[in-house]
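Each remark here refers to the structure printed beneath this line.
The values are calculated or read from the model by the stated rules, or taken from the named source; none is laboratory data. Given the structure is predicted, the values throughout are model-derived calculations rather than measurements. Here the Cβ is made from the backbone with ideal geometry for all residues, glycine too, and neighbour counts use every protein chain on show.
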Amino acid sequence: MRLACAQSLTVPLLAAVIRQWHRRYPGVAITLRESTVMDEALGLVDSDEVDMAVLTAPSTGRFTITAIAEEEIVLAAPVGHLLAERSAVRLEDLEGAPLVHFTPDNGLSSWLDQSLAHAGVHPETVMRTSVTATAPQLAAAGLGIAVCPVSAVSHGFPGAVRSFSPRWVRQLVAVTSAEPDPLVARFIGDLRSHGMRVPRGVRTQLAQDGPPAETPRPSS
């Protein structure tokens with residue numbers, strides 16, 4: 001079975017399920033290709049180079065889409081940062097803030113630009129990274145703040161993590177070129193059962209009693 005996924009989803013979403021499959025179905029060979037660009041991953045599905053890609057919901061309608069989980073978008077900041085003193089952060093609070101952004105080859109770059117423009121917010125980009133999981137680490141090191149999927153925040157994260165108000169979530173889906181065959185459908189079912197695992201230390205930092213989740217900004 002040939003899989004593709006957004007780079008940040010490998011560990012928190014796919015790794016445990018792939019491990020289970022190696023144990024339960026040793027005769028099933030699984031390969032995985034990671035990408036930071038949605039169009040690249042969709043191209044792999046379109047060309048039949050992979051059987052399935054796990055991504056955020058694409059806007060195109062030519063694929064078969066199966067919902068898997070929701071993922072929260074969070075703020076990462078150094079401990080002691082002014083925004084870290086709040087239980088939840090508004091997008092407007094990012095006006096003028098030093099931002100650890102993503103390089104153009106990472107699909108999160110254009111997604112974040114669109115989201116901030118939609119909100120009329122203008123932070124100051126201080127540096128960029130192509131690796132999704134590096135952005136929150138750079139923020140924790142004191143280089144600025146980062147806006148990223150919670151999947152990019154690893155166990156033992158040394159910085160502060162805060163939810164947005166209203167909570168900001170995006171849909172994660174399995175993308176196939178047609179209706180998935182029984183083997184792929186079974187794997188998708190296991191992904192849905194497993195869900196998005198967030199490290200306990202990160203969960204305890206996130207606001208627990210905020211407003212209901214919304215998706216008012218562009219997703220990628």
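With respect to residue 46, is the statement that it is in contact with a Lys or Arg (Cβ under 7 Å, 6 or more places away or on another chain) and touching a residue at least 40 places away in the same chain (Cβ under 8 Å) true? Against the criterion (in contact with a Lys or Arg (Cβ under 7 Å, 6 or more places away or on another chain) and touching a residue at least 40 places away in the same chain (Cβ under 8 Å)), residue 46 does not qualify.
Does residue 6 satisfy the criteria of being within 30 Å of residue 94 (Cα to Cα) and in the same structural domain as residue 139 (by TED's automatic domain parsing)? Taking the combined requirement at face value, the residue does not satisfy it. For region 84-104, a tally of residues being assigned to a strand (DSSP E or B) and not hydrophobic (A, V, I, L, M, F, W, C) returns 2. Please tell me if residue 119 is small (Gly, Ala, Ser) and touching a helix residue (DSSP H, G or I) at 6+ places or on another chain (Cβ under 9 Å). Yes; evaluated as a whole, the condition is true for this residue. If you go through region 3-26 one residue at a time, do you hit one that is loosely packed, with under 15 Cβ neighbours inside 10 Å and more than 18 Å from residue 193 (Cα to Cα)? The answer is yes; a qualifying residue exists. On the stretch given as region 71-122, residues that are surrounded by 15 or more Cβ atoms within 10 Å (Cβ to Cβ) and among the polar types (S, T, N, Q) total 4.
Note on region 123-137: residues that are more than 21 Å from residue 154 (Cα to Cα) and crowded, with 17+ Cβ neighbours inside 10 Å total 1.
Selection of helices (runs of 4 or more DSSP H) fully inside region 105-195 by the criterion of at least 2 residues being outside the structural domain of residue 77 (by TED's automatic domain parsing), over 18 Å from the mean Cα position of the chain (by Cα) and modelled with pLDDT of 95 or more returns 182-194. For region 138-147, the candidate set comprises residues that are of a type outside the set (Gly, Ala, Ser) and over 18 Å from residue 7 (Cβ atoms); within that set, the residue that is surrounded by the fewest Cβ atoms within 10 Å (Cβ to Cβ) is 143.
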